[in-house]
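Working notes, structure below.
Here, each number is a calculation from the coordinates, and none is a lab measurement. In this text, all values refer to a predicted model and were calculated from it rather than measured experimentally. So basically every Cβ, Gly included, is an ideal-geometry build from the backbone, and we count neighbours across all protein chains shown.
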Amino acid sequence: MAELDGLRAVAILLVVAFHSWYFLQFAMTSKQAFLEYSDSLSWFMGFIRRGDVGVDVFFVLSGFLLSR
C-alpha cells in the first residue's frame with residue numbers, strides 16, 4: 001500500500017521537523033532570539049509543534065501494515 005507508506009513518510013518528516021525546531025534553540029544566541037524567530041513563523045509553528053502526532057500516526061500505520 002504505497003499511499004500508506006507515503007503517509008508514514010509525512011509522519012516521519014513531521015517528527016524530524018519538530019526535533020529540528022526544538023534543537024534550534026540551542027544554536028540561537030539567546031532564548032529571546034529563538035522566541036522571536038518562532039513567533040515570526042506563526043502559521044508554520046502550529047504544524048511543527050505537533051510533532052507528537054507524527055509519532056502516533058507512524059506507529060498506528062506501521063502496526064496496521066505489519067499485521068496485514
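Matching residues to (1) under 26 Å from residue 6 (Cβ atoms); (2) small (Gly, Ala, Ser); (3) assigned to a helix (DSSP H, G or I):
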site	(1), (2), (3)
20	yes, yes, yes
26	no, no, yes
36	no, no, yes
44	yes, no, yes
47	yes, no, yes
55	yes, no, yes
59	yes, no, yes
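In the range 23-38, the qualifying residues are those that are closer than 24 Å to residue 12 by Cα and surrounded by fewer than 10 Cβ atoms within 10 Å (Cβ to Cβ), and the one that is nearest to the chain's Cα centre (by Cα) is 23.
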